[in-house]
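The values are calculated or read from the model by the stated rules, or taken from the named source; none is laboratory data. Fair warning: this is a prediction, and the values are worked out from it, not measured in the lab. Note that each Cβ is placed from the backbone with ideal geometry, even for glycine, and that neighbours are counted across all protein chains shown.
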Amino acid sequence: MKSSYSPTSLAQRSLLHPKATCCTKSDVFCAQFSKKGELVAGSLSDGSVMVFDSAGGSMVYKLPLPSFQDGYPATAVKFRSNDLGDISNVALVAYSSGHVHQWHVPTGKSLNQSIEKRQTLAAAYSSDSSTYATSGSDCKLMIYDSLSGQNINTLEASSSLTLMDGHMNRVFALRYHPTDPSLLVSGGWDNTVQFWDLRIDHAVRKLSGPHICGDSLDIEPHSLHIATGSWRYDTPLEIWDYGSGKLITQLQSCTGTKLYATCWINERHLLIGGSQKHTAAVIDVQNDKVVGDLKDLSAGVYSVHYNSVNKNVAIASGSKIHICSALFFQNKTPPPFTTD
């Protein structure tokens, strides 16, 4: 199939304005802004985590390399959004060795750690930062108390032979509900997005279709529309209604690129990145068009993130994190989709 995804240059559209480039010596698996956006962290394939000044791209912190790290990548890094216990700039880091740390970034001190008997592939904080979740190779979601780092629940499929109330394969993406810290969704290789309630051990419902291989699952906080980016050529980008689980639309504008990363910028615009074309792009979901991009990068795009405070985006490609401003999108709040 001929791809309909044909990005245009920044000079022609200029909706993404490059500001800084953060350079590392290893591939960046995950890039994440701090709460206010002044810092951006990258978890690397060599197991290290580097933290940069997002304005200029210079490295300001490097987290200690744990003793257990012997060729294991750091697969995910997430900043805590609230200052629990009067401690700010805390980052959650997951490693494929199964280790999970909460680090105080300025001091490089590990606040707590846990060891999971699996490859840990994804991590996320709840909206109030009271808990965090991890997922990985064993199909389970582990839930932790953020202050103590203690495991407080394990969410997984039941033994039912007729009901798929949990995952059956690796889980690469986690996202808590934007306002309800008891709810979250997850996605991975089993072609489902599972809906969870922390008070219930098994998934409460699911939607079928997305084949998720990275941090490619996000919930828009106003419309509660779920965006999924699948690692497939045909219609990889889909929008779903959180409440009903119904498919709203399949976007054609990025057909032809397998997606690793997806995040909302606002109700109308999505930021995506993938393994084909070495391009990150902004999609206007109302008109199904590419309206901005950063192309001809050195490698595929494994991670993207948007910070609503400073209106910047982070794009991880190869050993670099590209910081771009997205000021075009502020005050752009068109009517959301309807589900008929």
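Pick from region 252-269 the residues that are among the hydroxyl-bearing types (Ser, Thr, Tyr) and outside any strand (DSSP E or B): which of them is modelled with the lowest pLDDT? If you could, list the steps in order and put the result at the bottom.
Start the filter on region 252-269 by keeping residues that are among the hydroxyl-bearing types (Ser, Thr, Tyr), which leaves 253, 255, 257, 260, 262.
Add one more test, that the residue is outside any strand (DSSP E or B), and what stays is 253, 255, 257.
Details: SER253: 92, THR255: 84, THR257: 90.
Per the stated criteria, the residue is THR255.
Restricting SER303, SER319 to residues that are out of contact with any strand residue (DSSP E or B) (no Cβ under 6 Å at 6 or more places or on another chain) and among the hydroxyl-bearing types (Ser, Thr, Tyr) narrows the list to SER319. Restricting region 244-269 to residues that are more than 24 Å from CYS30 (Cα to Cα) and β-branched (Val, Ile, Thr), the residue that is surrounded by the most Cβ atoms within 10 Å (Cβ to Cβ) is ILE248.
Results for (1) modelled with pLDDT under 80; (2) farther than 15 Å from THR75 by Cα; (3) touching a Pro at 6+ places or on another chain (Cβ under 9 Å), shown as yes or no for each residue.
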| site | (1), (2), (3) |
| --- | --- |
| SER303 | no, no, no |
| VAL313 | no, yes, no |
| PHE328 | yes, yes, no |
| PHE337 | yes, yes, no |
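Could you check, for region 242-250, whether at least one of its residues is on the phi > 0 side of the Ramachandran plot, touching a Lys or Arg at 6+ places or on another chain (Cβ under 9 Å), small (Gly, Ala, Ser) and modelled with pLDDT of 95 or more? Yes, some residue in region 242-250 is on the phi > 0 side of the Ramachandran plot, touching a Lys or Arg at 6+ places or on another chain (Cβ under 9 Å), small (Gly, Ala, Ser) and modelled with pLDDT of 95 or more.
Considering only strands (runs of 3 or more DSSP E) fully contained in region 90-205, which possess at least 3 residues that are surrounded by 18 or more Cβ atoms within 10 Å (Cβ to Cβ) and under 21 Å from the mean Cα position of the chain (by Cα)? Per the criteria, 90-95, 99-104, 120-125, 131-136, 141-145, 171-176, 183-188, 192-197. From (1) buried (at least 24 other Cβ atoms within 10 Å of the Cβ); (2) in contact with a Gly (Cβ under 7 Å, 6 or more places away or on another chain); (3) farther than 16 Å from HIS225 by Cβ, pick out the condition that doesn't hold for VAL309. All conditions pass for VAL309, except number (1). Return only the number of the condition from (1) over 26 Å from PHE195 (Cβ atoms); (2) touching a Lys or Arg at 6+ places or on another chain (Cβ under 9 Å); (3) part of a strand (DSSP E or B) that ILE283 does not satisfy. Failed condition: (1).
Conditions (1) touching a Lys or Arg at 6+ places or on another chain (Cβ under 9 Å); (2) within 24 Å of HIS322 (Cβ to Cβ), marked per residue:
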site: MET59; (1), (2): no, yes
site: THR75; (1), (2): no, yes
site: ARG118; (1), (2): yes, no
site: ASP128; (1), (2): no, no
site: ALA133; (1), (2): no, no
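One residue stands out among those in region 19-50 that are under 15 Å from the mean Cα position of the chain (by Cα), in a strand (DSSP E or B) and among the small types (Gly, Ala, Ser): the one that is farthest from THR107 (Cα to Cα), which is ALA31.
Residues being of a type in the set (Phe, Trp, Tyr) and either surrounded by fewer than 14 Cβ atoms within 10 Å (Cβ to Cβ) or free of Cβ contacts under 8 Å to residues at least 24 places away in the same chain (or both): count how many of those fall in region 62-89. Outline the logic, then answer.
Residues of region 62-89 of a type in the set (Phe, Trp, Tyr): 68, 72, 79.
When the remaining residues are screened for being either surrounded by fewer than 14 Cβ atoms within 10 Å (Cβ to Cβ) or free of Cβ contacts under 8 Å to residues at least 24 places away in the same chain (or both), the result is 68.
Residues flagged as of a type in the set (Phe, Trp, Tyr) and either surrounded by fewer than 14 Cβ atoms within 10 Å (Cβ to Cβ) or free of Cβ contacts under 8 Å to residues at least 24 places away in the same chain (or both) within region 62-89 amount to 1.
Please count how many residues of region 286-306 are surrounded by fewer than 18 Cβ atoms within 10 Å (Cβ to Cβ) and in a loop (DSSP other than H, G, I, E, B). Residues in region 286-306 being surrounded by fewer than 18 Cβ atoms within 10 Å (Cβ to Cβ) and in a loop (DSSP other than H, G, I, E, B): 7 in total.
When we screen ILE248, ILE315 for residues that are hydrophobic (A, V, I, L, M, F, W, C), farther than 26 Å from ALA41 by Cβ and assigned to a strand (DSSP E or B), the only hit is ILE248. Screening the candidates ALA20, ALA31, ALA11, ALA74 for the property of being farther than 25 Å from TYR132 by Cβ and either touching a Phe, Trp or Tyr at 6+ places or on another chain (Cβ under 9 Å) or at pLDDT 95 or above (or both) yields one hit, ALA20.
Taken over region 51-67, the criterion of being farther than 17 Å from SER319 by Cβ, assigned to a strand (DSSP E or B) and among the hydrophobic types (A, V, I, L, M, F, W, C) is satisfied by VAL60 alone. Of the candidates ILE272, ILE212, the single residue that is assigned to a strand (DSSP E or B), modelled with pLDDT of 95 or more and either under 19 Å from the mean Cα position of the chain (by Cα) or buried (at least 24 other Cβ atoms within 10 Å of the Cβ) (or both) is ILE272.
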